[in-house]
Amino acid sequence: MPFDVTTVGIGVLLTLTLLGVTLFLRERALRKTQVMQPGFQPQIRLPYTDEWTLYHNPFSLCSKKIRVCLAEYDVSYDSVAIDLIETGSYQNISREFLKVNPGATVPVLLHNGHPIYESHEQLTYVASRVDDARVLVPQDAASRKVMDEWVRKTSLLGDDPIDSPEETAGNAAPGLTLPIFASMVAKIPVFKIIEGLLFHRIKRRAVFFLLMKLAGLAKTLTLKPVSAIINRSAKAMSAHLDDLEQQLSDSGGPWICGDQFTLADVGMMVVFDRLREGDWLHLLTRDRPAVEGYWSALQRRPSYAKGCLDFAHPAVVAATTELAGLKHTGLWPSDLPR
Ligand SMILES: N[C@@H](CCC(=O)N[C@@H](CS)C(=O)NCC(=O)O)C(=O)O
């Protein structure tokens with residue numbers, strides 16, 4: 001039988017394709033993701049050494065929130081840092097991490113090996129387990145109600161919060177983070193982002209990262225879908241800060257519930273820290289004297305350093321500097337509605 005190079009070539013190609021598809025499907029099955037029930041999971045038990053274990057990322061807003069809460073309560077914990085694509089790689093969709101959270105997000109807090117999903121649930125769970133919850137939770141019902149309302153207002157709610165910035169100040173943060181993301185992903189190799197396209201539960205996030213990577217920071221800021229999200233989020237954040245200005249005046253300050261610093265202020269602290277990182281504060285605190293004073297008071301709390309500043313990631317520091325350099329280029333919305 002004559003040796004046909006073309007036929008052999010096609011055969012090899014088909015075999016390799018089949019092998020590639022099989023490996024991909026197998027890997028996808030091993031990295032199965034799913035949305036998890038919020039709160040404490042008594043039925044799941046993971047290996048642990050310390051009473052408290054925190055899987056978190058230095059840059060993640062929700063991770064900062066639980067770190068600040070643990071610092072306020074002086075709770076020590078076993079710290080497990082997990083990379084997200086913006087800080088270097090998709091460790092949150094690795095097989096190992098998906099065993100901890102099939103939802104593929106951080107933070108995950110373990111209490112004696114049982115995970116608690118969703119950072120706002122983690123705050124109230126920690127408060128319910130420490131000796132003196134009162135440190136961050138008011139005892140009178142009216143203040144408690146205000147606190148709960150503002151914990152919600154600072155939370156990231158829903159599967160893709162960027163779609164509903166009007167809902168909470170937490171949800172307005174991811175849109176305002178897009179410029180930081182764009183600056184950070186510029187340094188991440190494309191193949192690492194493609195891993196997200198293949199295995200991330202929310203493909204749109206990976207697509208956004210890839211687009212930002214390919215476009216670069218300055219161009220990204222001019223892309224219509226990106227600038228639409230940024231402008232909408234900036235307007236929404238502006239409205240949330242108006243509510244905060246009002247609340248601080250109603251409560252008499254210095255905190256959301258008045259005299260007592262609570263879980264609500266923990267939530268707000270990390271939203272402000274994100275605004276700082278994205279170089280948004282100059283736009284958002286101006287003409288809001290109570291908010292401005294509040295931000296100064298937040299920065300003086302030791303927990304701000306322990307939960308936020310001490311975890312400064314070099315890539316975020318570089319992004320903040322880059323964004324500050326762009327401030328006068330007209331790429332930034334400078335006339336937010338009052
Ligand atoms: N609602 C969740 C949000 C969790 C979340 O989206 N975390 C982000 C970081 S702040 C994350 O893990 N992103 C990774 C990704 O989507 O790839 C919470 O409050 O814990």
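Just so you know, all these numbers are worked out from the coordinates, no wet-lab data involved. All values derive from a computational prediction rather than experimental measurement. As a convention, Cβ positions derive from the backbone with ideal geometry for all residues, glycine included, and neighbour counts pool all protein chains shown.
So the values come out like this:
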| quantity | calculated |
| --- | --- |
| Sum of -39500 (n - 2.57) over DSSP H runs of 4+, divided by residues of the chain (222 nm, nearest 500) | -18000 deg cm²/dmol |
| Under 19 Å from the Cα of Lys306 - aspartates and glutamates, other chains or at least 8 residues apart | Glu72, Asp74, Asp78, Asp265, Asp273, Glu277 |
| Within the chain, longest stretch free of exposed chymotrypsin sites (Phe, Trp or Tyr not before Pro) [DSSP loop, at most 15 other beta carbons within 10 Å] | 49-338 |
| Neighbourhood charge, 15 Å Cβ-Cβ cut-off, centred on Pro161 and excluding it, Lys, Arg +1 and Asp, Glu -1 | +2 |
| Distant-in-sequence amide H partners of Val80 (H built 1.01 Å from N, under 5 Å) | Leu54, Tyr55, His56 |
| Those GluC sites (Glu not before Pro) in the range 160-235 that DSSP places in a loop and that have at most 16 other beta carbons within 10 Å | Glu166 |
| Close Lys-Lys pairs in the range 102-227, where close means Cα under 19 Å and separation is 8 or more or interchain | 7 |
| Sorted by Cβ neighbour density within 10 Å, fewest at the top, the residues Lys327, Lys224, Lys65 | Lys224, Lys327, Lys65 |
| Ranked His313, His114, criterion: other C-beta atoms within 10 Å, fewest first | His114, His313 |
